[in-house]
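Data first, discussion second: the structure below is written as structure tokens.
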């Protein structure tokens, strides 16, 4: 049976595979693509109050505290992830709460930065989430997130062929909605949206979008030339940086 994001990561077999993947650091997309671009976008964290939606293992929180942020709060709906996050944040001031991104009670005007890393493609309707994030930010507070790129979420038939993909299939791109994906040994529901959908949801919530990035690889970050060559062929991830306008 297909599971939603939190349920998926509470599947112990899936979680074991997830841990093994994260511990295998050789040219992983998280390390060579996602983290460097997020680091560029977030910039200086000194003195910031940070909310992390779908915090996973909360490694970002530990690093943010080391970089001088004032506070860090991670939210995740998975029991396994919250347990891992608590271990990561041990002996720091960072905090985590078990709640889904959709159901958490967002306080008003409390955070300077809200971040979400590869989590929002598990959310069925991002529009109320974006509205909640806007309300949780101070004026000029920033919302920065990464998701699987829509050319990836549109269709997973290339995955089903088995082996290392040599080609990627983009199909039903404008048919937005749930996609059943077999990944890490389990079936999970992800939600496909177009680039335009993400942009318009931000604008309609009241954000100003100041940067859009795709996962263009940087050769210096790769140890394997063939992996770098593959990463140049198609974007795996999409990034948005937006902010709450100051009250007039």
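FYI, it's all coordinate maths here, none of it is from the lab. Everything quoted here is computed from the prediction, not taken from an experiment. Please note: Cβ atoms are built from the backbone with ideal geometry, for glycine as well, and neighbour counts cover all protein chains shown.
A few remarks follow.
- Modelled spin-label separation between residue 221 and residue 67, with each label point placed 7 Å from Cα along the Cα-to-Cβ direction: 1.3 nm.
- Taking other Cβ atoms within 10 Å as a rough exposure proxy, 149, 79 sort from fewest to most as 79, 149.
- Taking max minus min of the alpha-carbon positions on each principal axis, the chain gives extents of 51, 41, 40 Å, largest first.
- Length gained on full extension, residue 91 to residue 30, computed as 0.36 nm times the residue gap minus the Cα-Cα distance: 19.4 nm.
- Helix 195-205 vs. the chain, principal-axis angle (Cα, 0 to 90°, nearest 10): 20 degrees
- With Cα atoms, 0 to 90° folded angle of helix 12-23 axis to the chain main axis: 80 degrees
- Label-point separation in nm, residue 39 to residue 103, each point 7 Å along Cα→Cβ: 3.6 nm
- The spread of Cα positions in segment 29-140, taken along each principal axis and listed from longest to shortest, comes to 33, 31, 28 Å.
- Here segment 53-110 and segment 150-222 have alpha carbon centers that stand 24 Å from each other.
- Here the relative contact order of the chain, from alpha carbon pairs under 8 Å that lie six or more residues apart, stands at 22 percent.
- Least to most buried among 71, 93 (fewest other Cβ within 10 Å first): 93, 71
- 0 to 90° range, to nearest 10: angle between helix 126-136 axis and the chain longest Cα axis: 30 degrees
- Maximal additional length on extending the residue 234-residue 19 stretch stands at 74.9 nm, based on 0.36 nm per residue less the C-alpha distance.
- In the chain, the calculated helix contribution to ellipticity at 222 nm averages -8500 deg cm²/dmol per residue, counting -39,500 (n - 2.57) for every DSSP H run with n ≥ 4.
- Exposure proxy order (Cβ contacts within 10 Å, fewest to most) of 237, 200: 200, 237
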